[in-house]
Each structure stands twice: as structure tokens, then as C-alpha cells.
Amino acid sequence: MATNRYDAIVVGARCAGSPTAMLLARRGYKVLVVDRATFPSDTLSTHILHPPAVESLQRWGLLDRLTSTGCPPIDTYSFDFGPFALSGKPGTEAAPLAYCPRRTVLDKLLVDAASEDGAEVREGFTVQEIVVEDGRVVGIRGRGSDGATVTERADVVVAADGRSSVVAKAVRPEQYNERPELLAAYYTYWSGLPMDGRYEVYIRPGHGFAAVPTHDDLTLVIAGWAYEEHQARKHDVEASYFEMVDLVPEFADRMRGAEREARFAGTAVRGYFRRPYGPGWALVGDAGYNRDFITAQGISDAFRDAELCATALDEALSGARPYDESMAGYHATRDEQVLPMYELTCQLATLEPPPPEVQALLAAAHGNQEAMDAFARVNAGVTSPTEFFAEENAQRILAGSRS
Ligand SMILES: Cc1cc2nc3c(=O)[nH]c(=O)nc-3n(C[C@H](O)[C@H](O)[C@H](O)COP(=O)(O)OP(=O)(O)OC[C@H]3O[C@@H](n4cnc5c(N)ncnc54)[C@H](O)[C@@H]3O)c2cc1C
């Protein structure tokens, strides 16, 4: 590969970008990471960090930094389907806990880690153009916080710039497995609504909400509805939000003494996979793959992409493997790992009752702690849905409920 000023330029410095930059910098590469945002800053996203993402932080030596911010641990996930609820432990022995850190805290921590490990971080830098020469991406052009337009060159430009990626727009990767918006949801933060280490999800036909504890003794409550209702509901989000919560009177009672501490924020998103590499470019995080947020997988996926992509780029940049071969490996591994969860996520996001055999399986799991823990681990992205819904496992759970 040609020698450029940087080995890698990463566009976007949140969950996908900063870890990618950090991991490349740790391997000795000269890395520039830019973001039009400055940090700390918030972004449109809730922020459940399932145990696999927590494990990534631990592996990177960053978990203590997160826990020292006073972020409350979460040890139980509960899914209330109306007639019954499944309540279980989402983690493993190695990573038993989930967290729900504010993005102001998490993203800042990641940016700082990238910088400390040697990546050059430029905040307030907007990428306006991708520089392409002879069909190959060779750099970026953009404006820094001083207003000056600059061009920077690198062997590879990594897009970690989210769903509206400017890099993806420029390189036009193949897009597949596309899904339309399936639900819309809005969230805000409440004081005086203790959760006692629990992430609670309430699902009713076409509707649902979830509550989870976060920093500063606040609880995040997100409420959503099937996308076909969105036209009618979006004009009065607040009324719709409370309508969802009122579907569960016991929860609505718990909220009565609570204070709302922020404005409502929310959206609906499309699902897609994008081919995550090409000549001189790579995609990580939402820039490369997006799924509805109902299963809260985005940050875990961004962390996994960062590790897979940084490893593949290391192989290519060091000359250990041809670029196309190592990046094809990244592509195949990503798709293989996320596809079963993508299908489950799309199914859940319709907010339609699951097929009768799945309903029977979930009803049978009720009261069977081992099965409820397994279901919590599926939602946490610890156990593949393929494993949980496999015929043999389903038969075991069904037989257990009959004995
Ligand atoms: C409503 C909602 C709720 C969600 N809840 C959860 C959840 O509970 N748990 C979970 O794991 N995931 C959740 N997600 C998904 C999660 O937010 C994303 O998957 C995650 O943020 C992806 O990280 P990223 O780094 O790829 O992109 P982003 O977090 O979108 O970061 C992209 C960065 O790129 C920068 N950027 C963009 N364009 C440019 C440019 N031209 N120049 C410079 N910088 C640029 C942006 O400023 C931004 O900082 C949710 C998403 C939504 C929408």
C-alpha cells in the first residue's frame, strides 16, 4: 500500500469510530479520527450496553472508567407479555452485568481512550468530501473548527459516521437485506423511578415500552408503537407515550410520583446491510449495518465491528494478508454473527404477536429460571436466537413445563 500521511482516517468518533481508532493506534498505526461533534455531547439514541459490549470495555481496559462514573449495574432483564413475564439474568460468568450509560459519558470515555492511545482526535471537524483517485479512496476533505478546509490522506478511510454516512454516500456500497421502518419510539428521563438493577420491557400488540436505570439516579423510559400508527401519533408524542405506559397500570402507578427531567426524543429507523469495504475504504457501526433499536444491539455491534475491522486492517496494513482477503473475512464474519439477531429484531419490531409456536415456547419458559435466563441472554446478544429457538431446545423447555 502507498505510504500516506496517515495509515487510517476514521470518520466519526462515537461507539464505532473511537474504538476502531484506539485499536489501530494500539497496534502502532498512525490514525486520525475526526467528528463534527465535540465531546462530551449527546446523540439520538438510548444506550443499553448489553453484557457483550461490557465485556468489550473490560477487554479494552475501560470498564473501570465506566463503573467509576457511578453508572448503575443492571443484573436482570424482564419481558412482560401481558399474561406472563419472563425475568432472567442477561450475562455470563465473565460478564454478568449490563449498564445503560449516558452517551455523554460513554462516547467521551471512548474518544479519550483513542486519544490517550495515540490516535489524533479532531473534534468539530466536518467531512465534506471523500477524495478518490483512480477509483480508490485516498483521503477526506473537510472543515475544521477554525473554518479552514483541509485535505488529509490515508491508506484507508474508515466510515464510522452513522446511518447518514457521507463515506457510504460517496462509495455507494452494495446494500442488502433492507427493511423499512417497523416501529417509532420516543424516550425521556425520569427522577424518582427506582429500577433496582432491572431492565423492564412491556410488550402489547402494536405497542410497548421499556424502562432502564442510568446515570444520576435517572430512569430512561422509551415507548413505541407500530410504524403504521406513526402518521397519526407523531403530532402528539407525549399523549401517545403516556397511552403506552397506561397499558400497564402497575407501571403507570410507579411513574405517578416520578418527575420528567428531559424533552422527548425519538425516531424510526430502517434496517440494512452494506458491503463494508472497498478500495481504500471500510465501514463500521451504523454506517455499515443498521437494525431497529428494539433489541438495543447497536453499541454491541459497533464494538464488535471495531474489533473485527481493526484486526482485518492490521492484517492488510502490515502486509500479512491481501487487503481484499482480510476485509472479505471481516464482511463474512460480521454478517454471520448479526444475521440471526437481525431477523429476530425485525420480527420483534413489528410489535405483532409472535407465531403460535413461539408464544407456546415463551409461555412454557415462564417460571423455568434456566429458560428465562436463556431468553434474557438471547435479548442481550449473548446467545444466538438460532440456539434458543432450535427444535431440541424448544422441546426441552416445552417438556419441562408439562412435567
Ligand atoms: C432511538 C434509538 C435508540 C437506540 N438505543 C440503543 C440502545 O439502547 N443500545 C444500543 O446498543 N444501541 C441503541 N441504538 C443504536 C445506537 O445508537 C447505534 O447503533 C450506535 O450509536 C452506532 O454507533 P456509530 O458510532 O456507528 O454511529 P453514531 O453513534 O451515529 O456516530 C456517528 C458519528 O459520526 C459523526 N459524523 C457523521 N457525519 C460526519 C461528517 N460528515 N463529518 C464528521 N463527523 C461526522 C457524527 O457527529 C457522530 O458523532 C439506538 C438507536 C436509536 C436511533
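Figures for the structure shown
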{"quantity": "Test: residue 293 is touching a helix residue (DSSP H, G or I) at 6+ places or on another chain (Cβ under 7 Å), of a type outside the set (Gly, Ala, Ser) and either within 15 Å of the ligand (Cβ to nearest atom) or closer than 19 Å to residue 375 by Cα (or both)", "calculated": "no"}
{"quantity": "Condition met for residue 363 (open to solvent by less than 20 Å² (accessible area, probe 1.4 Å), modelled with pLDDT of 95 or more and assigned to a helix (DSSP H, G or I))", "calculated": "no"}
{"quantity": "Complete set of residues in segment 366-393 that are over 28 Å from residue 299 (Cα atoms) and either in a loop (DSSP other than H, G, I, E, B) or within 28 Å of the chain's Cα centre (by Cα) (or both)", "calculated": "366, 367, 368, 393"}
{"quantity": "Strands (runs of 3 or more DSSP E) lying entirely in segment 205-290 (those with 1 or more residues that are away from the ligand (no atom under 13 Å from the Cβ) and either closer than 30 Å to residue 329 by Cα or touching a strand residue (DSSP E or B) at 6+ places or on another chain (Cβ under 8 Å) (or both))", "calculated": "207-213, 218-226, 271-274, 281-283"}
{"quantity": "Unmet requirement for residue 46, which otherwise passes all of (1) in contact with a Phe, Trp or Tyr (Cβ under 6 Å, 6 or more places away or on another chain); (2) surrounded by fewer than 23 Cβ atoms within 10 Å (Cβ to Cβ); (3) closer than 15 Å to residue 157 by Cβ", "calculated": "(3)"}
{"quantity": "Test: residue in segment 192-204 that is closer than 23 Å to residue 105 by Cα, in a strand (DSSP E or B) and not hydroxyl-bearing (Ser, Thr, Tyr)", "calculated": "yes"}
{"quantity": "Residue check for residue 316: open to solvent by less than 60 Å² (accessible area, probe 1.4 Å) and out of contact with any Phe, Trp or Tyr (no Cβ under 6 Å at 6 or more places or on another chain)", "calculated": "no"}
{"quantity": "Subset of segment 30-83 [away from the ligand (no atom under 12 Å from the Cβ), in a loop (DSSP other than H, G, I, E, B) and in contact with a helix residue (DSSP H, G or I) (Cβ under 6 Å, 6 or more places away or on another chain)]", "calculated": "62, 69, 71"}
{"quantity": "Lone unmet requirement of (1) open to solvent by 50 Å² or more (accessible area, probe 1.4 Å); (2) touching a Gly at 6+ places or on another chain (Cβ under 7 Å) for residue 305", "calculated": "(1)"}
{"quantity": "Residues satisfying the stated conditions in segment 95-124, i.e. under 23 Å from residue 73 (Cβ atoms) and basic (Lys, Arg)", "calculated": "102, 103, 108"}
{"quantity": "Only listed residue being in contact with a Ser or Thr (Cβ under 7 Å, 6 or more places away or on another chain), closer than 26 Å to residue 99 by Cα, among the β-branched types (Val, Ile, Thr) and assigned to a helix (DSSP H, G or I), chosen from 294, 299", "calculated": "294"}
{"quantity": "Pick from segment 66-94, criterion free of Cβ contacts under 8 Å to residues at least 60 places away in the same chain and within 20 Å of the chain's Cα centre (by Cα), ranking: surrounded by the fewest Cβ atoms within 10 Å (Cβ to Cβ)", "calculated": "67"}
{"quantity": "Matching residues, segment 336-352, being open to solvent by 40 Å² or more (accessible area, probe 1.4 Å) and among the hydrophobic types (A, V, I, L, M, F, W, C)", "calculated": "339, 348"}
{"quantity": "Test: residue in segment 118-129 that is part of a loop (DSSP other than H, G, I, E, B) and touching a helix residue (DSSP H, G or I) at 6+ places or on another chain (Cβ under 9 Å)", "calculated": "yes"}
{"quantity": "Search result, residues across segment 191-204 that are open to solvent by less than 30 Å² (accessible area, probe 1.4 Å), within 16 Å of the ligand (Cβ to nearest atom) and over 22 Å from residue 269 (Cβ atoms)", "calculated": "195, 200"}
{"quantity": "Residue within segment 146-156 that is away from the ligand (no atom under 12 Å from the Cβ), in contact with a helix residue (DSSP H, G or I) (Cβ under 9 Å, 6 or more places away or on another chain), open to solvent by less than 60 Å² (accessible area, probe 1.4 Å) and of a type outside the set (Asp, Glu) present", "calculated": "yes"}
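The values are calculated or read from the model by the stated rules, or taken from the named source; none is laboratory data. Because the structure is a prediction, the values reported are computed rather than measured. Virtual Cβ from ideal backbone geometry, glycine too; neighbours counted across all protein chains shown. When the accessible area is computed, the model is the full protein with side chains, heavy atoms only, and any ligands, DNA or RNA have been set aside. Shrake-Rupley method; radii C 1.70, N 1.55, O 1.52, S 1.80 Å.
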